[in-house]
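Peer 1: Following this message is one structure expressed as structure tokens.
The values are calculated or read from the model by the stated rules, or taken from the named source; none is laboratory data. Keep in mind that what you see is a predicted model, and the values were worked out from it rather than measured. Glycine also receives a Cβ, built like all others from the backbone with ideal geometry; neighbour counts cover every protein chain displayed. Heads up: the accessible areas ignore ligands, DNA and RNA and are worked out on the full protein's heavy atoms, side chains in. Shrake-Rupley method; radii C 1.70, N 1.55, O 1.52, S 1.80 Å.
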Amino acid sequence: MDTTQLARFMNLGKKIVGVGLNYRALLIERNLQAPPNPVIFLKPTSSYIAEGQSIEIPEGFVVNQETELGVVVGKTCRNITEEEARKSIGGYCLALDMTEVKHLATWRQQGMPWSLSKGFDTSCPVSRFVSCSELPDPENVNLWCKVNGKMCQTGNTSDMLFSVATVMSYVSKIMTLEPGDLILTGSPPGMIDVKAGDVIEAGLGDVLSMKFPIVDRK
Ligand code: MG
């Protein structure tokens, strides 16, 4: 796959696979047991936005930012081992897994799906594409996020409960991963309520930073 352009995976990928509760620090903060397997959900590809666009908050939604390493799948993955998974990574991006939290709590209690909470338009802002050579050690990279210039979220991918390779292998035994699909690998703690008028700035190690303003959905 030629993944030198951001547009390639935003247009080519058929799905965005999210991993929930994947940072040990988050489990500790929320006093939660470690899940036995990766917690997987989907976001629609219609939720993608790139820099220059705004995050739009639907009416009545309370939204948090989750700053995450995104992994772009490079080749078809079906029933792959972790070793094969490492060779199937096409590249990376920094992503914000924007999440509605007020309704989500109720929906979770009622056993309802998370789809609207995770899948609203603009809920997947992504950075430019990062090649594998630009990020030689994805299992040890810092993530950070500032809201209105104030640091609220920091973490390192070494704190992941399930590594990128483990997640890819696990998912591939159930759902084929295809070139251009994106995996959102989970968020360290530090999510806060954001609102129209706020600006989110997030960074991936020394590699890049990105900025997204927030507006109300019109
Ligand atoms: Mg997330």
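So that you can scan it fast, the table gives a plain yes or no per residue for (1) buried (at least 23 other Cβ atoms within 10 Å of the Cβ); (2) over 30 Å from ASN148 (Cα atoms); (3) within 16 Å of the ligand (Cβ to nearest atom):
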{"site": "PHE9", "(1), (2), (3)": "yes, no, no"}
{"site": "LYS14", "(1), (2), (3)": "no, yes, no"}
{"site": "VAL17", "(1), (2), (3)": "no, no, yes"}
{"site": "LEU27", "(1), (2), (3)": "no, no, yes"}
{"site": "MET112", "(1), (2), (3)": "no, yes, no"}
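Peer 1: Turning to a different aspect of this structure: Quick one: MET210 ticks every box in (1) surrounded by 18 or more Cβ atoms within 10 Å (Cβ to Cβ); (2) part of a strand (DSSP E or B); (3) within 16 Å of the ligand (Cβ to nearest atom) except a single one, so which number is it?
Peer 2: For MET210, the exception is condition (3).
Peer 1: In segment 65-89, what residues are open to solvent by 20 Å² or more (accessible area, probe 1.4 Å) and of a type outside the set (Lys, Arg)?
Peer 2: Selection gives GLU66, THR76, ASN79, THR81, GLU82, GLU83, GLU84, ILE89.
Peer 1: State whether the residues of segment 21-39 include one that is part of a loop (DSSP other than H, G, I, E, B), touching a Cys at 6+ places or on another chain (Cβ under 9 Å) and either at pLDDT below 95 or farther than 15 Å from GLY186 by Cβ (or both).
Peer 2: no
Peer 1: Take the residues in segment 118-157 that are over 15 Å from the mean Cα position of the chain (by Cα) and closer than 14 Å to LEU94 by Cβ, then tell me which one is surrounded by the most Cβ atoms within 10 Å (Cβ to Cβ).
Peer 2: LEU135
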